[in-house]
Amino acid sequence: MKRFWRRSQGMWRHEIVVLHGKMRRGQTKEAVKYVERLIDIDPEEVEWRLLEALCYEMMGQLNKAKRMFNEILKERPLLLRALHGLALVMHKNLEGPAVFEMLNKALQVAHREKRVTEERNIKILIAQMHVVKGDFEEALKKFQGLVSDNPLDFRPYLCQGIIYSLLDRKEEAAEQFETYRSLVPGEFPQRIFLDDVVLEAKTKSRERFQKEFQAEFSYRK
């Protein structure tokens, strides 16, 4: 049984690596087949359903992706990746204020149920969606409020650094990135990815960074 479990884990890891590779190369139809295979292996695993919805979003099948994200949220209404995915689909579908209405409802649920971590995560997501919308000033205001609430959380500093980079305000961006680096744990799982974002923000042109940031933000739910 242990040998079977190790083999199963290895197979799943292989499938995930292949899947992410196909998604990055834009081979979304092939990626859907891999996701369906993963769902067959373990239909209860929400990760595969999230990836399936993401594939359909990337294929431009927004209504199908939206339905899938909503189905996940019926079961787990505060699951951040599902909220993130749904928000991006609604944004691409030009649903405007409905994006923030949906997120604010989730925020109210988190507050009512005293889910402190989820509440803060959703607040950060709301601020990030203002960045996606292009409303940088509103996003900065929200991130500054998040810093006031908890100055030891590295995420608002990173996001403010990205915003200042998009605004071509390099000195302010550098200050925020410096604070981010002083706070982010060395063992944080996505540390390498985040450090790459900081490097790109510092070295690439505003237009190129904005284009690549939007693409990467959409992919990294």
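The values are calculated or read from the model by the stated rules, or taken from the named source; none is laboratory data. All of these numbers come straight from a predicted model, not from anything done at the bench. Here Cβ is always computed from backbone atoms with ideal geometry, including for glycine, and neighbour counts include all displayed protein chains.
Cβ-Cβ distance below 9 Å, separation of 6 or more or different chains: which pairs start in the stretch 15-34 with a residue that is on the phi > 0 side of the Ramachandran plot and end on one that is modelled with pLDDT of 70 or more and in a helix (DSSP H, G or I)?
26/58
With the checklist (1) under 28 Å from residue 99 (Cα atoms); (2) modelled with pLDDT of 90 or more in hand, flag the one item residue 152 doesn't pass.
Answer for residue 152: the failing condition is (1).
Quick check on residue 173: is it more than 30 Å from residue 66 (Cβ to Cβ) and either touching a His at 6+ places or on another chain (Cβ under 9 Å) or without any contact (Cβ under 8 Å) to a residue 40 or more places away in the chain (or both)?
yes
Of the residues in the stretch 43-57, how many are free of Cβ contacts under 8 Å to residues at least 12 places away in the same chain and either within 14 Å of the chain's Cα centre (by Cα) or part of a helix (DSSP H, G or I) (or both)?
1
Take the residues in the stretch 58-72 that are in contact (Cβ under 8 Å) with a residue 24 or more places away in the chain and in contact with a Leu (Cβ under 7 Å, 6 or more places away or on another chain); name whichever of them is farthest from residue 129 (Cα to Cα).
Step by step, filter the stretch 58-72, then rank; the result is 72.
Could you please let me know if residue 73 is out of contact with any Ser or Thr (no Cβ under 6 Å at 6 or more places or on another chain) and either surrounded by 22 or more Cβ atoms within 10 Å (Cβ to Cβ) or assigned by the TED database to the domain that holds residue 183 (or both)?
The answer is no for residue 73.
Select, from 152, 125, 88, 78, the only residue that is in a loop (DSSP other than H, G, I, E, B) and either farther than 30 Å from residue 178 by Cα or under 14 Å from the mean Cα position of the chain (by Cα) (or both). Reasoning before the result, please.
Details: 152 fails: either farther than 30 Å from residue 178 by Cα or under 14 Å from the mean Cα position of the chain (by Cα) (or both); 125 fails: in a loop (DSSP other than H, G, I, E, B); 88 fails: in a loop (DSSP other than H, G, I, E, B).
Only one candidate qualifies: 78.
Which ones in the stretch 83-122 are surrounded by fewer than 20 Cβ atoms within 10 Å (Cβ to Cβ), on the phi < 0 side of the Ramachandran plot and either of a type in the set (D, E, K, R) or in contact with a Phe, Trp or Tyr (Cβ under 9 Å, 6 or more places away or on another chain) (or both)?
92, 95, 101, 105, 112, 113, 115, 119, 120
Pick from 87, 110, 139, 82: which is out of contact with any Pro (no Cβ under 8 Å at 6 or more places or on another chain) and assigned by the TED database to the domain that holds residue 184?
139
Every residue, every condition in (1) of a type in the set (Lys, Arg); (2) at pLDDT below 95, yes or no:
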site	(1), (2)
31	no, yes
34	no, yes
41	no, yes
49	yes, yes
54	no, yes
63	no, no
77	no, no
